[in-house]
Every structure is written in C-alpha cells, then in structure tokens.
Number of protein chains: 2
Amino acid sequence: MKKALLFCLLFPALSTQAQQNLVKYVKPIIGTQKMGHTYPGATLPFGSVQLSPDTDTLSYELNGKYNGEVYKYCAGYKYEDKTIVGFSHTHFSGTGHSDLGDFLIMPTQGALKINPGTADAPKSGFRSAFSHKNETAEAGYYKVKLDDHQIQAELTASKRVGMHRYTFPKSADSHLILDLMSGIYNYDDKTVWTYVRVINDSLVTGYRQTNGWARTRTVYFAMSFSKPFKSYGQKNFDKKQVYGGFWRKFDQNNNFPEIAGKRIRMHFDFDTKEQEQVQVKFALSPVSQDNALENMRTEIPGWNFDEVKNQAQTEWNKELNKINIAASEDDKVNFYTAMYHAFINPTTYGDVNGQYKGLDQNAHKADGFTNYTTFSLWDTYRALHPFFNLIQPSRNNDMVKSMMAHYDQSALKMLPIWSHYANDNWCMSGYHSVSVIADAIIKGVYDGDAAKALEACITTANHRNYEGIGKYIDMGYIPAESSGTSVSNTLEYAYDDWCIAQIAKRLGKQEVYNEFIKRSGNWKNVYDKSIGFMRPRLADGSFKKEFDVLSTHGQGFIEGNTWNYSFFVPQDPESLMAAMGGKQKFAARIDSLFTMHLPDEFFADTEDITREGIIGGYVHGNEPAHHVAYLYNWAGQPWKTQERVRMILKMQYKPTPDGLGGNDDCGQMSAWYMFSSLGFYPVSPGSDEYALGSPSVKSASLALEGGKTFAVEAINQSDKNVYVQKVLLNGKILTGNSIKHDDITKGGKLTFYMSSRPVKSSK
Amino acid sequence: MKKALLFCLLFPALSTQAQQNLVKYVKPIIGTQKMGHTYPGATLPFGSVQLSPDTDTLSYELNGKYNGEVYKYCAGYKYEDKTIVGFSHTHFSGTGHSDLGDFLIMPTQGALKINPGTADAPKSGFRSAFSHKNETAEAGYYKVKLDDHQIQAELTASKRVGMHRYTFPKSADSHLILDLMSGIYNYDDKTVWTYVRVINDSLVTGYRQTNGWARTRTVYFAMSFSKPFKSYGQKNFDKKQVYGGFWRKFDQNNNFPEIAGKRIRMHFDFDTKEQEQVQVKFALSPVSQDNALENMRTEIPGWNFDEVKNQAQTEWNKELNKINIAASEDDKVNFYTAMYHAFINPTTYGDVNGQYKGLDQNAHKADGFTNYTTFSLWDTYRALHPFFNLIQPSRNNDMVKSMMAHYDQSALKMLPIWSHYANDNWCMSGYHSVSVIADAIIKGVYDGDAAKALEACITTANHRNYEGIGKYIDMGYIPAESSGTSVSNTLEYAYDDWCIAQIAKRLGKQEVYNEFIKRSGNWKNVYDKSIGFMRPRLADGSFKKEFDVLSTHGQGFIEGNTWNYSFFVPQDPESLMAAMGGKQKFAARIDSLFTMHLPDEFFADTEDITREGIIGGYVHGNEPAHHVAYLYNWAGQPWKTQERVRMILKMQYKPTPDGLGGNDDCGQMSAWYMFSSLGFYPVSPGSDEYALGSPSVKSASLALEGGKTFAVEAINQSDKNVYVQKVLLNGKILTGNSIKHDDITKGGKLTFYMSSRPVKSSK
C-alpha cells in the first residue's frame, strides 16, 4: 500500500494510463528520403539540441549561381547519400528553407584531414562512407558505423546537451574534428564570427555567430571530452588577416587555446586502443558560454551514455503515451513517428537557469514559462498548434507566451511570422501568430493577459507597411500590381482577421470584433465569380487578364495554384460554397481537385511541390489545402471527406524513409496525420470545433493534462471500412459532422461505426 | 563650526589643498600635429568614452597595399587636416597602432549625403571643412564650427556617455548621420556585424562588433535624441544578401526599426529652426544594450549640456589639483596637459552596475574594484604606472586587479601584454605586467593577493611557446635565428625577471627569487664585449656577423637600435657600467648617444621614430631609452643627468599642437615629463627608488591619497639654473642621487638648490 502510493507520487502519469514502450514505433528515418526533410538524429521532446548526421553541406552558391541542390539538405541528411560528413547539433525538421547545422563533429583516424571532401571523392576529406544496414535511428538515439574510419558513432541527447560516443579502433592517429565553418544552407559569408577557448585538455567553450536565414544568430557552446586529447589545433581558412601580430607571437595553429575567426576547423587528437570509446558532451546556450557549461553540468553531469539514452527514451515514452492507439503495426509506426515529428518543434530556447536571448538581442529571463523558438507559423497554425492545445496545452500556453515575449521585444511591434533563434525571417505570408493565439484563447489554454494578446494581434494586423497590409486595409484586397502573392496574402489576412474577431468576441470588444469580422470577408474581393476562382485583382478593380488556374508559380499565390487556394476560406466555408454555386457545385469542385491531373510543368518552379505530394490536383505535400478534404462535410457529402481522408492517410504517409509526401514542415504534416487518424480535424483554428472525418485507428485513448481521458473507438474498423455509419459521443448519437473542443477535454468517448459503404442519407 | 565640518565631509580633498582652476592649463590640442597621436575631444579622467572629431578615416588598404598614411590617424584627428568627417566615441591616446573610432556621428544639412566624401573633394560627402580659429579644445569639452553645414558642434562627456550639442541653421533638411562602418585603422572586413534597434522616435540601441587590432571586440550603445526625428533610414553597403526575404516584406531602407548587417550608415532627419539645438546622448557598454541604457540614465539623466560640461571640468579640476605647481605659464600648460594625457588611459571598462566583458568574452562583475582596459604596457610600465602609484594609487591598485582578472580569464594563462576591450593583441615585447605588479607590490599599493599575483607573473614568464621564452629559459638568451627581435626580447625579459625576483623577495620565496634573479642577468648573454654593444647572438653562441649599430630596423631590436637599447639594464646599471668599462667610459657612451648624429636612413623604416623625437642619437620619441639620461647618476656625473633632463623637457615638450616629439603612448611620454619636471624618475620600476634629476618647476605640492602632502621646491630656479647644488629632504642634506618612495608617501619636502654651474665634486 505504502509502496503503491510512493509509486504514484513518483510516476503520476502512470496512475491514469499505463506506460507502454512506444519508442519502438518511432522511426526517425521516415521522411529522410525525397521530400520529408526530416533528420534521423537524436533529440528530446521540444529539445534545444538536435544531434544528427549531415550527409552533405552543399554551398548555397555553385559557380556564382543559386545551387538548387541545396534545397534537399534542409535537414542536413539525405537517405539517398552514401557518405556522412559529420554530426551537427541543430537541425530544423521538415522545413522547406533552412539554416542551422551548428558545430559539426566528425571522428576520424589515420592521417589528419581538415577538409570534408566531396561526395564524389570521399577519401579526399574527413567524411566517411556508411551503409543503412549499419545504421539505427530511434527516438533519442542514433548509431552508425563510419566505414572509412572503422568507427562506430552513437548519439544521444538531453534537452540542451548532445552526447557522442565514438568507438575507435587501435590507432595513434585518432581525431575528433570540430568544424566551425560547416552549416546548413551555407555560403561564403554565413559564419560571421567564431570564438573558441580551450580551457583545459578536455574542456572547450566558445560561440558561433551566423548571418543566415536568421540574420543575427549566435549559439554558445561548451564541449567536454571523456578523455583528454593529447594535442589539438586549428586551421583558419580566413582571408589573410590585416593584423598579423596575433600570429607572430605564438604558433597559433597548434595547441593554442584562444581562437577566433570566420572560417575555422579544429581537430583534437588521441591515441586510442582497440574498441576504445571516446565520448563528447556538447552543450548549447543562446546566451553565454557560462550558461552552456551550466546546462551541461546540470543535465549530464556524468559520462554514462547508456543512462542518458535511457533517460531520453523514457522521456519520449512519457510523451508518446499521451495517446495510446490500437492499429496495425504500420499505422502505429506512422502514428508514433508523426507524434515524434510533431513533438520536436518548436524547440526550447533558453537555459536551465531560464535565460534566453530575445528578439532585441538582449538576454532575458523567462519568468514563469519555458521560452520556445522555431515557429514555422504558416505551416503549424493549421494543425500542429491545435494538436498541442489538445495534447500539450501547457507547452502551447508557453509557446504563446514566447510569441508575446517576441512581440514585446520587437522594435517593429509585430508578433512572429517565421521566427527562430531570436530572429524573424518573415518567411511565407499572413500573420498567423494571431491564429495560434486565438485558438489558445478560445480553447482556454492561454492563461496570460488575453487583452494584451489581442492588442498585439491588432497591432500586428495593422502594420501598414508590412507586405501590402496598408492596401489591404484601404482597398479590401492587395492589388496585383503591388505583390506577386496578392491573392494568397489577401486570403490569409482575411482568415487571420477572423481569428482576431474571435478573440475580440470572447473579450467582449464589440468594436474590434466588428472591424475584424468585416475584414475577414475580404476573400470575396479576390473571388472572380466569372470563373469561380480566386484571382489576382488590379488596383482599378478589374481582375488580371493573363491568368493560369493550374500554375503554382507567378499567379498571385505563394506556393500553390488557385485550384487549391480557392478553397482557402476556412473561417466561412458556407459563404464560399454559396459563392461557388452551392453544395453540389462545391462538392463537384472538390471532386475535380482530387481527380484532375496536374502536369509537372505547372509546379516545376515551386520547390515545395513535387509529384509525390499530389493526389490529382490536390497538393497535400504543401499546406494551403490541408483542410480541403474536410470541406465535403459542409457540402452535405461527409462520406467523401471520409474516403478522401483515408486515401490521403494511406497515400501520403508510409513507414519508409520516403514515407512523407512533402516537407513535414515542423510537424504540420504529422499533426494532420494524427488528427485525421483519430477521426477529426480543426478546419478553422480559432474555432472550438473539429470537423469529423474517418478514423484510421481501431481505437485510441488520449490522456489529457487535467487527468481526463478521451477515447476514440472505431467499430468494424478495416482498410475497406472507411465510411462512417454513425458516431456516438458518450453513447449518444452525434447529429452533426463536428465535435467541440470541450467534448474532448471534459473526457469521454467518441465511437465511430465503420462501414464499407458510404452513408449518404444521414445529413 | 558645524558648517565647516560638513564642508570637509563633502569635499575631503579640499581640506588638504585648495582647489585651483587648473583646467585652463589643459590643451588637448597638444600632440595632435605630427607625431603625438593624441586626440582633442572630450573625455573624463579614465573615462570609457572619448568623444572626439575624426578628420579622416583612411582605409588600411590602398590599391591592395598597406596604406602607410593610415599610421597618422591612430587618434582619428590630424591637426594638419582641413575637414572633419564626424565625431566618434572611442579613441586611443598617443598610440603607434590603433583601433576604435566607434560610432561616428555627423550633423549635416541640405541634401542628404550618406558617404563621407574625401579630403580632396569634401563636398562630395557629408564631411565638412573647418578652421582652427573656430575650434576650442578643453578638458571635457570640444567645440568646432562645421563650415559646410553652418553647424556649431559641441561635445562633452560623462564617464560612459558622450553628449553632443549641435546648433543648426533653419532647414527642412537637417540630418544626423550615424556611420556604423567608420572606424580607425579601418579595412574592408573590420566591421564584423552591426545591429541597431530604433525603439522610438528618439531612442536607438544596438551594438557593433569588429575584428581589428582587438580580434573580437563588441561595443554596445544607446543613443538618445533631445528632439524626435521626423524620419530615418539606412543605407546598407553589404554585398548582396543571400537571404533576400528580409528585404522583400518591408521597405527596410526607410523608417525600418530592426537593422543588421556589416556595412551600414544611418541618417536621422529633422526640421530645424534658426539656431535650434539638437542634442544627442550616446552611451557605451561592453556588455549589453540594456547596460548602455542604464549607463545613460544614471550618468546623464537630463538634457543640460552645460551642466554635464561643468561636471566634467569639475572632475578634471579635482584630478589636476592632486599636484599644484609653480612654474611659467608654458610649463604649467605642458605639465597639466601632460597630467591630462596621463589620466585618460587606461580607460574604465565596465558599466555603472559593475559588469564588464572579460577576456573570455563572458560578462563578469567587477567585485570591489573598477575594471580598466587599454594597457599599452611596453610603454606605460616605465613611468605611467609608477606615476599612478604615487598620485593615483587606488586606481593603480584597481588596474593591477584588472590585470589579474585578465589572467584569470585567460585560456593561455597569461597576464596582459597589450590589451584592450577584452582582447590581447600581444603587441611589442616583454611581459611587462610583471613590472607594474611588482612596482605596486613593492610600493605597498596592491592590496590583493600578492602570492597569487606572483604565481601569475611566474606562469606568464614561463610560457615557453610565447615569443622565444622557451629558448630564453633554456639558453639564457633568444638566438637570433628564431626571432627578429631576439636582443630586445632578451633584455626586456631579463628586466621583467628582476621584477619577479623583487616580488619573491618581498614574499620571502627564496627559491623563486634565486631563479629569477639569475634570469635577470641574462642581458649579459647578448652583450658583445668585443664591440661594447648588445648584439644578436646565434644559437651556436657566436654573435651575428652582419650587424649595424645605428639602424633601428632588422638588427634584433624592436623599434630601436643598439645604441639606445644597449643601456637597457635598468635593474642593474652598476653591472652594465662595469661591462662597458667603468664609470668614465659609460658616461662617455651616454655623452655620445646625446651628441652623435643619427641619419634619417637608419630609422626610415621605423614608423615610431622620427626626427622630431631624436636628440643626437637618443630617441626620446619612443620609449626604450627613457631612463638613459638618469644613468649618469650611476657614473658619478649627476650634473649630466640634470642638464640632459632639462634639455629633453625643453626640446620634446611644447605647448603647441606639434608639441610632442613622439607618440604620447597612452601617457608614458607625459608621465616622463611630470616625473622629470618634479626632479625625480623611476629608472627601474619594481624598485622603491627614484633617481634624482633636475626639477623644472619652481615648486610643487603633491596631495597624496592618504591625506599627506609632499612638496618639491627649487630654490634659485631658472632656465639657466639647471644644475643641482644640493638637495634637502625635510631640511636634511641628501647624500645620494635618489629618494625612496616612502620618503614621499610619508609626506615632507624635497628642496633643490639650483645653480647655473654643474656641481662636479659632490659624489
């Protein structure tokens, strides 16, 4: 009795739901081939460190021109590649643009090579051939044999510290390369500055500052070796320094402990016995070398690699157990890998002492929240943040607080657009922070000052000199003359404005509501009735004459064509449907989207769209139409939602390295998968409703933060039984095609009765 | 009675010595012409901000080659120039190498020009012609009329904040340029990164990071305007950025508040009425933008320029009144300007909250001391730090503590060589920190842990891989094969080792004493008896055959010839004299030094030596022989010391812009002047003795920190009466040619009886 009580105190989560070993279903290798842009390395849930192999670090420029191949390397690793260059500590997951790749470490033996070499001639540098048969990628753990060096490499991590274990052969010439020039999406001037101190024979600290996608980004580090190095050195690839005095007084290339420059690679040298393991702990901090050291000493005080790995996988199991599903083994792999991919971003951006670097480049202390970064909001507002509001509400609350801190630190007075590491790169369109904030407020997740949050949303939405907002406010749409993405911007602003209206309504601010609900109708201003599509409109009110409804490029939309974008009125499908001619025509239009053929030439110029991510003309591999399959519900044909959703789940998600049909986009694709497999989806975040679809799981149990459980059961589930006969909520028939957020959070059970035949009569 | 007591409590210094207006004798313009390398702008005693006009900012490179002209601009200002480019906030005083020149501000009116233009075509840019007749330079205050813009510019400062007052004509097109590319000793890649936030219409913060003489130097700032600007903008001179997204979303050139890049100039625009004054406060911090703001708000909360100026001059008067002299007006100008130049470096390097950036690039808090930087130690160990031990002992104590902090933060475990702004540039030779530390310990000034200081000195002196130390230790000298400055290094190490021996003796560490007193005799190993000069010696023990005793270049000495350097055994003139053949020969050798002719060709390649700084063959314009005139004392011919010292005082120091015969070298030249005018000089810092010379003042009163007063009086003083008949200490005849530090610090009076004829019999 006493023992059981103690057990409950230590493991409170276990008292509500039995912990299963779910880590075994996580296959981080999924998405590393073709378009997924995921990385296979080791990280913790929302961890600051993503320690992962890079198979190449191509230059952004090739012969003075943009090197298109570099797009493939957003996550540093391509499954197709034959060599590994090294293991770096920061990676985006699933993005279509990139940065990071900080602090690449490579173990080698034999004559020292200080250049990475090329994929064509790997022996010319320190990179090594490897084989997937000698490779293991698990949640929190990665292992590979480096054939050229006969070194076994193993990686694990705590939240802010990467841990490396390298098993060497016997050699008097073993090395660890620390490449401080390497980076993802690298170019000549990306590394602005590097500073390194070799404090003693097994401890090194420093920082690197880059000017990349994040304009002003500095990462501090502390690096500790389990075995003292016998010697060390650097090679500086900088142009000749004007002030040569530094170099005259010492031999600064060898065993010189104070190093700085723009283009530096270091090496640390060892004698190793047969099968000797040399371990490295590598801690990051956004604030200081001291904080990096403190992170290391707090999170991984010792040298027990296996314990750190076990701890990492225990933490993963704890997170993964928030949903237990019954499903086929493949579906379990898909589901838990999706959950894994959803829970590795945004990332914790702050030290164990709470300090982080703000957008203003000052050090701040996160007061009562964990600070997060890497907000790929154009993607993740759709399903990832709504998923967090359900399964990770505390974290999503902190994410909103992180966005509000960003706003407070912004000289522009703007909420984040696409932010990472104390910068905003303003990538993609809209101001979708407001959607995330609205969803968190409407669903009761945000416990901060809602009135202040509303003010931040309004200020951001009224930033007249940001990407056409002034004209959008004045004219109700962005004229085609002033923007290449005038239509998608107008559509996205209109949706975001609806989100602001929802917050205003909740707070009883009627005037704000009136203003923004009016703005939310602006999509109508770019809808061309004559052709039934959204279309670029000129300042004089006329629609642009030259217009291609298929092309994804140069038609007024960002990364998409009007066939997909014309459905982007998630805030008001009813009105859109009416504009498009009513239910039948609307449903037929969606039918066409899924069944038409989109020839390659129409998306050849859009990196984020490839054949793998397309079903008919529907682009699932990129985000703008992610809600479209659910729109059949509004058209009175929910059975089509059901069959389309099941089809997408099957076609776009596979338990293989090439299993993702498009960039995972920081978890958005994965969040779509989880929602849809559970049978419901947030078509319009900022609303408290989920549209029902067709679950692919046999059953699922959601352990909610408050201690409640919500169950999903699919009776007569099978691959053929994709249609829903009826739905019961807590035993009572559901008459609509939706459930409310509260229905879930107060606990209960949603029962789907599945069938192989569509039920066309019910609604 | 009560009132008087209160007065004493408030102004304790006043209780011992009446405050005079001595600021009027300070002419910061002295040394700005030709070789002095001083700056005329506004600064406080040991202030962090040196706000001063730059008359040019030449590039380090010209047509791909070193631009020799740039050497002239070490202080940013040349009296010979006709135009002013702007006013920047950091300047070295009197150096022969340079850096700094941070944050150049220039007021303009008329059409905006965002380039500085050239001296040949000033109207092509924002620079302006000016005339010395419209220029005033005082301690803590500078004023000039900018002819091309019809703007009166005035500058003053608190310790960490520069204050600008610009009086504009009526104009709808008035501007303040903030040039973030400009710097002293600039070259293309010097500015590593710049970051600026426009917080509101009158407040801007940011930082700039440079890779110059200081390899990794960052200065943070906060800039406040007395009048809101009506608009602002930037021009970015960077190469095209790879990540263009930043620029697409906004007009980032105009009124865009988040700015970053490598090559940026900004402008702030105003409407001005006739004679309208626009003021700027510009605060610096080594640590953060927040600290810069705090420095500003603490030191200059308001906008009263005159009050700030008065406060600055009050602080200067307080410092200057530490010595009151009776002398000719010209001599007073020379003396108090020397004191001014001596008291503007080292500079305070830390914020009002005590934080500073350490050599390890971490933020530190100075615990119980003020942190200082800019240690030009090869120069300043000779007379400046000894002068501080007498007149600024508290500050010198803190300077030693700053050096010890540097040591603690050094991955190399070395005391500073030539350090500034959290960097060491390791310029010049020796490890003269040990001299400063020894002098402070021997004279009872250093109240820190002397044993730890000794350890730091020993560790530094045993740094085998630093500039020949390993060979010096093993062989007793540095062989000529391994260093171009093997002889001067050996001589300087030997002196420094003697300093370490003095500390060891004081602490009773006999073994350390024995080791280092032995090393201090190493000068003998580079003395070539056959020619009677110090001479490069090869590893095989033979002296280098090809050798030129006149040339200052390439002969084994740094910035000097063997004629000067052969006297560099300050720690043991007796033995040197014996080696050189006894008193008569020794004195004859010094005679020759002062009377020989050194043709131009022999020093043409040494920037730091020019004709103006040479008397015969004696180079006063550079440091190595600064003690030589006093060596006659050892040779039994003190009257020659007396006449030579008086001659040097007259010839090398004049109250004119070209009044300094060489680089002031952070106050070393000035400290030589003050000691010598008072009648004594520290020939061998680390000893508690001063050699007596010939005072040039009529009398002087030194207000010492403990409250004691030491007086110097020269009876029968005149320009012709340069010889000392007799000397009385506290009324008693002095029989030797020296006094002890204690003789001064316990208070008392030194009376010189002057005569026009040498007294050759006395010793």
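Residue pairs whose Cβ atoms lie under 6 Å apart, sitting 6 or more positions apart in sequence or on different chains, and linking a residue in region B:719-739 that is part of a loop (DSSP other than H, G, I, E, B) and crowded, with 17+ Cβ neighbours inside 10 Å to a partner that is modelled with pLDDT of 95 or more and among the basic types (Lys, Arg), are B:722/B:646. Of everything in region A:380-420, what is within 13 Å of another protein chain (Cβ to nearest Cβ) and part of a loop (DSSP other than H, G, I, E, B)? Give them in sequence order. Selection gives A:410, A:411, A:412, A:413, A:414, A:416, A:417, A:420. The set of residues in region A:201-217 being polar (S, T, N, Q) and within 9 Å of chain B (Cβ to nearest Cβ) consists of A:205, A:209, A:211, A:216. When residue B:295 is tested against the conditions (1) more than 14 Å from chain A (Cβ to nearest Cβ); (2) in a strand (DSSP E or B); (3) crowded, with 22+ Cβ neighbours inside 10 Å, the lone failure is (2). On inspection, residue A:487 does not qualify as under 27 Å from the mean Cα position of the chain (by Cα), crowded, with 20+ Cβ neighbours inside 10 Å and not in a helix (DSSP H, G or I).
Of all residues in region A:310-326, exactly one satisfies the criterion of being farther than 30 Å from residue A:713 by Cα and crowded, with 22+ Cβ neighbours inside 10 Å, namely A:312. Quick check on this structure: which one of A:285, A:394, A:376, A:328 is under 30 Å from residue A:489 (Cβ atoms) and among the polar types (S, T, N, Q)? Exactly one residue qualifies, and that residue is A:376.
Anything in region A:48-73 that is hydrophobic (A, V, I, L, M, F, W, C) and more than 14 Å from chain B (Cβ to nearest Cβ)? List them, or say none.
A:49, A:51, listed by residue number.
Looking at residue A:701, is it part of a helix (DSSP H, G or I) and not assigned by TED's automatic domain parsing to the domain that holds residue A:391? No, not satisfied. The set of residues from region A:600-630 being touching a Leu at 6+ places or on another chain (Cβ under 8 Å) and either on the phi > 0 side of the Ramachandran plot or assigned to a helix (DSSP H, G or I) (or both) comprises A:602, A:616, A:628.
Scan region A:472-480 and give yes if some residue there is surrounded by fewer than 20 Cβ atoms within 10 Å (Cβ to Cβ), part of a helix (DSSP H, G or I), touching a helix residue (DSSP H, G or I) at 6+ places or on another chain (Cβ under 9 Å) and among the acidic types (Asp, Glu), otherwise no. There is no residue in region A:472-480 that is surrounded by fewer than 20 Cβ atoms within 10 Å (Cβ to Cβ), part of a helix (DSSP H, G or I), touching a helix residue (DSSP H, G or I) at 6+ places or on another chain (Cβ under 9 Å) and among the acidic types (Asp, Glu). Could you please give the count of residues in region B:398-424 that are polar (S, T, N, Q) and surrounded by fewer than 22 Cβ atoms within 10 Å (Cβ to Cβ)? Looking only at that region, the number is 1. Taking residues in region B:359-378 that are not assigned by TED's automatic domain parsing to the domain that holds residue B:285, and partners anywhere that are of a type in the set (Gly, Ala, Ser) and modelled with pLDDT under 95, the pairs with Cβ atoms closer than 8 Å and at least 6 places apart or on different chains are B:378/B:429.
Scanning region A:676-693 for residues that are polar (S, T, N, Q) and in contact with a Phe, Trp or Tyr (Cβ under 7 Å, 6 or more places away or on another chain) yields one hit, A:677.
The residue that is farthest from residue B:672 (Cα to Cα), among those in region B:349-373 that are surrounded by fewer than 24 Cβ atoms within 10 Å (Cβ to Cβ) and among the β-branched types (Val, Ile, Thr), is B:352. In region A:115-134, the residues that are of a type in the set (Ser, Thr, Tyr) form Cβ pairs under 8 Å with partners that are loosely packed, with under 13 Cβ neighbours inside 10 Å and part of a helix (DSSP H, G or I), at six or more places apart or across chains, as follows: A:118/A:124. Among the conditions (1) closer than 30 Å to residue A:92 by Cβ; (2) buried (at least 21 other Cβ atoms within 10 Å of the Cβ), residue A:631 misses just one, which is (1).
If the condition is being touching a residue at least 12 places away in the same chain (Cβ under 8 Å), over 20 Å from residue B:448 (Cβ atoms), hydroxyl-bearing (Ser, Thr, Tyr) and not in a strand (DSSP E or B), then region B:327-358 contributes B:336, B:337, B:340. Within region B:587-600, the set of residues being among the charged types (D, E, K, R) and either modelled with pLDDT under 90 or under 16 Å from residue B:567 (Cα atoms) (or both) comprises B:589, B:591.
Yes/no matrix, rows are residues, columns are (1) out of contact with any Lys or Arg (no Cβ under 6 Å at 6 or more places or on another chain); (2) within 30 Å of residue A:60 (Cα to Cα); (3) at the interface with another protein chain (Cβ under 10 Å from one of its Cβ atoms):
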{"position": "A:178", "(1), (2), (3)": "yes, yes, no"}
{"position": "A:184", "(1), (2), (3)": "yes, yes, no"}
{"position": "A:190", "(1), (2), (3)": "yes, yes, yes"}
{"position": "A:223", "(1), (2), (3)": "yes, yes, no"}
{"position": "A:234", "(1), (2), (3)": "yes, yes, no"}
{"position": "A:263", "(1), (2), (3)": "yes, yes, no"}
{"position": "A:275", "(1), (2), (3)": "yes, no, no"}
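The values are calculated or read from the model by the stated rules, or taken from the named source; none is laboratory data. Computed from a predicted model, the values in this text were never measured in an experiment. Neighbour counts run over all protein chains shown; Cβ positions are idealised from the backbone, glycine included.
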